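Structure record follows, encoded as structure tokens.
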Amino acid sequence: MIKTSLGVIAFSAFFIGISCNNSNDDNVQSSTELNPKESLKNAIREFPDSSMLVQNLIEIYSDEGDYDSALSLTDQQIKKDSGNAYLWNMKATLLFENEDTLNAIKSLEHAINIYPMPEYLVALGTIYAETKNPKSLMIADGLLKANRVKTGNCFI
């Protein structure tokens, strides 16, 4: 946890240093400055246990449409912590964005088996509904029942 916090601090300090670096010509980028992706890679090499840095790099890959790199990095993280439901959810999102619905469903199911967060259930139920899978109705019923128990409301 301390390494992660130090990694975030170091990464933030790096970007603050870059943003405070004023040159005479703001339109010319120094050849020694790195783009955000390369900066993240360097920070990850320095702080390999920082999941936040890795997640930021995954997001950059995803934003660029480089799903192979994003998924590869996500799989590396899952190998380190296979019981992390959030990582499985990230993988499901990447797979879905990459139009791999079947594996997105498998990843969401895995995330839910680890930790059945309502957000994961809603995402899975939505994909099931889009693929006309009747399990979507079971998820919707389960969420409604859980909400009734939680709120004490018998009416929708």
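Read-outs: derived from the displayed coordinates by stated rules, not from any lab. Here the structure is a predicted model, which is why all the values come from computation and not from measurement. Neighbour counts are summed over all protein chains in view; Cβ atoms, including those assigned to glycine, are modelled from backbone coordinates with ideal geometry.
Stokes-Einstein diffusion coefficient for segment 34-151 at 37 °C in a medium of 0.692 mPa s, Rh from the Kirkwood formula over Cα pairs: what value in µm²/s?
It comes out at roughly 214 µm²/s.
For segment 35-50, take each phi angle, set θ = phi - 60°, evaluate the Karplus expression 6.51 cos²θ - 1.76 cosθ + 1.60, and give the result in whole Hz per residue in order, putting x for glycine and proline.
6, x, 5, 5, 4, 5, 4, 5, 5, 5, 4, 6, 10, x, 8, 7
Considering Cα pairs under 8 angstrom that are at least six residues apart, work out the relative contact order of segment 34-151 and quote it in whole percent.
Worked out over segment 34-151, it gives 14 percent.
Sort 82, 50 so that the residue with the fewest other Cβ atoms within 10 Å of its own Cβ comes first and the one with the most comes last.
Fewest-to-most Cβ neighbours within 10 Å comes out as 82, 50.
Say each of residue 37 and residue 115 gets a label point 7 Å from the Cα, pointing the same way as Cα to Cβ; how far apart are those two points in nm?
2.9
So what J values fall out for segment 127-142 if you push phi through Karplus, 6.51 cos²θ - 1.76 cosθ + 1.60 with θ = phi - 60°, rounded to Hz, Gly and Pro as x?
Those phi angles translate into 5, 4, 5, 5, 9, 6, 8, x, 5, 4, 5, 5, 5, 4, 4, x Hz.
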